[in-house]
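Notes for the one structure printed next.
Nothing in this text is a laboratory measurement; each read-out follows from the coordinates by a stated rule. These numbers were taken from a predicted model, which means no experiment stands behind them. Positions of Cβ are backbone-derived with ideal geometry, glycine not excepted, and every protein chain shown enters the neighbour counts.
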Amino acid sequence: MRGLVIFLILVLAISSFSFAAFSMNNKRAELNQVDQKSHFSVFTSAVCENKNSMVYCKDSIFVNCNGNISAAADVAECDGIKISLPKTTGSAVFGSDWKDVRKSDLT
């Protein structure tokens, strides 16, 4: 009788440990799937062009969706995230001798 009780306790302990390990492994797999889908960011950047001896710059909103950077107006959704952003309104005008220190190849 005593051997049967010890055997049942041992079986119960092994099954509990196996269940806990299996649950932790499934949770880790779910977290990895979420991490793989969360490569999304939104940022603003100045877009500049030369016109009539002046440099005109305006703010634009961009979206980084899994490493692909696009203007927000060109992207409707990223991995199930719907993108609906307002227009940006910032702008500036500079003299033709102005150099944007953030960009070395401004033409």
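Below, the figures for the structure above:
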| quantity | calculated |
| --- | --- |
| Sequence-separation-based contact order of segment 39-95, relative, with Cα cut under 8 Å and 6+ spacing, percent | 35 |
| Simple spin-label estimate for Glu77 and Asn52 in nanometres, 7 Å along Cα-Cβ | 4.4 |
| Neighbourhood net charge (11 Å Cβ-Cβ; Lys/Arg +1, Asp/Glu -1) for Thr44 | 0 |
